[in-house]
Amino acid sequence: MMRDPREHQTKAVALLRDGYRRGKRRLILELATGAGKTFIAAIMIEAARLKGIRCLFIVDAISLIDQTVEALYREGLTGIGVIQADHPMTDWSKPIQVASVQTLRRRGMPAGIGLVIVDEAHCQDAWLTGIMQSGEWADTPFIGLSATPWAKGLGLTYEEKVTPITMRELIDLKLLSPFRVFASAHPDLSGVKIDRGDYHEGQLADVMSDAKLIADIVRTWKSLGDNRPTVAFCVDRAHAKKVKTRFIEAGIPWGYIDAYTDRTERKLIRDQLDRGEIKGVANVGCLTKGVDWALGCIILARPTKSEMLFVQMVGRGLRVNDGIPDCVILDHADNTLRMGFPTDIRHEELCKAEKGERAKRVNEAPLPKECSACSYLKPAKVHQCPACGFKPEKQSDVEEADGFLVEITKTKKRATLEEKQDWHAMLRSIQRGRNYAAGWVANTYRKRFGVWPRGIDESASKPPSQEVLNFVRGHTIRYVKGREKQAA
Ligand SMILES: [Zn+2]
């Protein structure tokens with residue numbers, strides 16, 4: 001017996017059916033973590049089953065099979081079998097089959113399937129993509145599930161995405177938890193190379209393992225974490241272990257999980273967290289999938305340029321839990337300052353580009369600003385800090401810096417994309433000419449425009465104008481002075 005769907009879940013089913021009626025066989029359901037993707041899939045599966053159609057539910061990792069089966073049972077489905085070596089639930093006669101993509105890759109797709117659900121569809125397994133694009137499966141409907149279907153090339157496999165409700169609307173309806181973001185640490189990532197669109201992990205681990213940064217994580221958690229159950233996202237295993245150790249040294253019991261932590265141990269750690277025996281868990285990305293822990297605080301110690309990874313990490317903290325009024329996000333990675341609030345990251349369409357251009361964001365909200373008193377991230381244009389009440393003094397239009405007049409970006413009129421592109425190209429030329437780190441361009445660009453480069457051809461280069469040279473000169477002097485002051 002299935003429970004009654006909420007309004008957005010009914011809408012999701014209607015949108016998926018409408019897509020099918022219009023002949024679409026490759027649809028993605030975009031829905032925030034915790035808003036019932038599995039339940040909606042279960043409704044589709046049940047409807048198919050009643051018509052005698054066999055269904056296949058594909059998960060992204062073997063480790064997710066058992067919890068997926070449990071979740072489908074909870075949603076009221078019966079008649080479930082599992083395709084996996086020696087699994088006790090192996091039973092091909094059952095109308096609903098659950099399998100991992102790894103197992104299917106070895107064995108091939110089972111025959112006689114009339115509906116396929118693909119969990120975590122943004123992960124885009126290459127083999128499965130091939131199946132979905134093959135003629136043999138062209139008429140079989142596939143429904144992808146994802147909180148973040150923004151991956152490059154996803155629009156080459158899926159035809160449309162269906163978005164019954166946004167994260168913002170879910171929060172307003174109290175179906176997801178509201179959140180507050182604080183960002184006090186600003187790691188210097190200017191020297192970190194970009195590798196396939198995100199920071200080079202090894203170099204990132206070096207920067208983020210800095211003892212001062214890790215000590216700041218513990219200090220910030222003590223003052224803002226409110227003693228809540230917490231998950232800390234770290235760069236790699238060594239980094240996560242250092243974070244855990246630093247908490248324990250500070251007298252705060254802390255756990256650790258990585259991809260090799262088995263199911264029994266995970267359950268133990270989760271129970272310890274629920275009982276308050278440990279306050280938090282350091283991990284490396286592996287808690288971004290299939291985790292429904294009761295959390296009240298998320299530590300982002302993993303800088304990323306990926307909106308998907310960012311929103312997946314934050315999403316862990318947005319489940320509504322009894323006794324936890326909201327989610328505190330301690331962003332030590334500048335992810336929010338770089339990409340905006342998770343609720344502002346929305347994409348109109350699936351991305352058809354294989355590489356290069358990104359999917360267009362809907363309504364480019366201005367990036368948040370940090371309260372200088374408490375490090376709370378305020379929405380743009382909010383003057384008085386909603387967290388601590390601090391009102392910054394209005395800044396004057398120009399400021400003296402060693403004889404150079406340096407304009408304050410915020411009071412300038414909005415630059416057009418062409419102007420921004422020009423500036424970026426000229427900065428690129430200076431960076432190359434002077435052999436600066438690649439990240440210097442984005443940092444300087446941000447000083448000029450108050451936002452990170454977005455929608456810009458980052459490789460373009462052109463000779464710098466006097467205006468740009470002057471700006472760079474003023475800022476380089478201020479930068480050096482600041483460094484000297486810090487050193488002293
Ligand atoms: Zn404040």
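A short reminder: the numbers here are calculations on the coordinates, not readings from a lab. Predicted model only: the values in this text are computed from it and were never measured. Reconstructed Cβ throughout: ideal geometry from the backbone, glycine too, with neighbour counts over all protein chains shown.
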Measuring from its Cα centre, region 209-256 shows a charge dipole (+1 at each Lys and Arg Cβ, -1 at each Asp and Glu Cβ) which, in debye to the nearest 20, is 80 debye
Which distance in Å, rounded to a whole number, links the C-alpha centroids of region 414-454 and region 24-102? 47 Å
Glu458-Ser93 pseudo-label distance in nm [points 7 Å out on the Cα-to-Cβ vector]: 5.7 nm
Restraint check, Lys212/Lys244; Lys212/Lys391; Lys11/Lys37, Cα-Cα greater than 20 Å: Lys212/Lys391
Is it possible to state the helix-based mean residue ellipticity at 222 nm for the chain, with each DSSP H run of 4+ residues giving -39500 (n - 2.57), the sum divided by total residues, to the nearest 500 deg cm²/dmol? What is it? -11000 deg cm²/dmol
Among Gly23, Gln272, Leu72, pick out the residue whose Cα is farthest towards the positive end of the charge dipole of the chain, where Lys and Arg carry +1 and Asp and Glu carry -1 on C-beta, about the Cα centre. Gly23
Given charges at Cβ of Lys, Arg, Asp, Glu: the chain dipole, positive-most of Gly225, Leu337, Leu417: Leu417
For the Leu268, Leu173 Cβ pair and Förster radius 45 Å, calculated FRET efficiency rounded to 0.05 is 0.85
Test item: Cα-centred dipole of region 413-482, Lys/Arg +1 and Asp/Glu -1 on Cβ, debye: 340 debye
Please give the peptides 30-42, 441-453, 260-272, 14-26 ranked by average Cβ packing (other Cβ atoms within 10 Å per residue), highest first, as a rough proxy for protection. 30-42, 441-453, 14-26, 260-272
Proportion of all alpha-carbon pairs of the chain beyond 28 Å (%): 57 percent
Per 0.36 nm of contour for each residue apart, how much would the distance between Asp322 and Gln133 grow if the chain were fully extended, relative to their Cα-Cα spacing? 63.6 nm
Please get the size of the charge dipole for the chain, origin at its Cα centre, with Cβ charges of +1 on Lys and Arg and -1 on Asp and Glu, quoted in debye to the nearest 20. 540 debye
Where does the Debye-calculated log10 I(q)/I(0) of region 413-482 sit at q = 0.24 Å⁻¹, using only Cα point scatterers of equal weight, no solvent? -1.14
Can you tell me the length gained on complete extension of the stretch Asp66 to Asn470, counting 0.36 nm per residue apart and subtracting the Cα distance? 139.3 nm
Most positive-pole-ward Cα, Val59, Pro88, Ala48, against dipole of region 7-166 from beta carbon charges: Ala48
Euclidean distance of C-alpha centroids, region 308-333 and region 375-393, integer Å: 21 Å
